[in-house]
Amino acid sequence: VKLQGTVSNRDAIGAHMIIYVGSQSWLHEVMPSGSHGSQNGLVAHFGLGSNTMVDSLHIIYTFGVVLCFL
């Protein structure tokens, strides 16, 4: 999943993505920084194991907007 802002914060820095599959959920925070000498990518990869479908994806932007995709 790659988020892209249209007005400001084009890389969606600080946004949270929560993916729900059955009774499980995973959280990814969009943060390009890491520890000394490393960085994190802006694309979120969710390992779903043997699951082939996502129940929902919630996106929470840093300014409080919540988007939900079912």
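The values are calculated or read from the model by the stated rules, or taken from the named source; none is laboratory data. What you see is a predicted model, and the numbers here were worked out from it, not measured in a lab. So basically every Cβ, Gly included, is an ideal-geometry build from the backbone, and we count neighbours across all protein chains shown. Note: accessible area is taken over every heavy atom of the protein model, side chains too, but ligands, DNA and RNA are not part of it. Shrake-Rupley method; radii C 1.70, N 1.55, O 1.52, S 1.80 Å.
Across 61, 20, the residue with the most accessible area heads the list, and the full order at a 1.4 Å probe is 20, 61. Placing a pseudo-label 7 Å from each Cα along the Cα-to-Cβ vector at residue 20 and residue 42 gives an inter-label distance of 2.9 nm. In terms of accessible area, using a 1.4 Å probe and ignoring ligands and nucleic acids, 17, 31, 53 rank largest first as 53, 31, 17.
For the set 52, 62, solvent exposure ranked by accessible area (probe 1.4 Å, protein chains only) runs largest to smallest as 52, 62.
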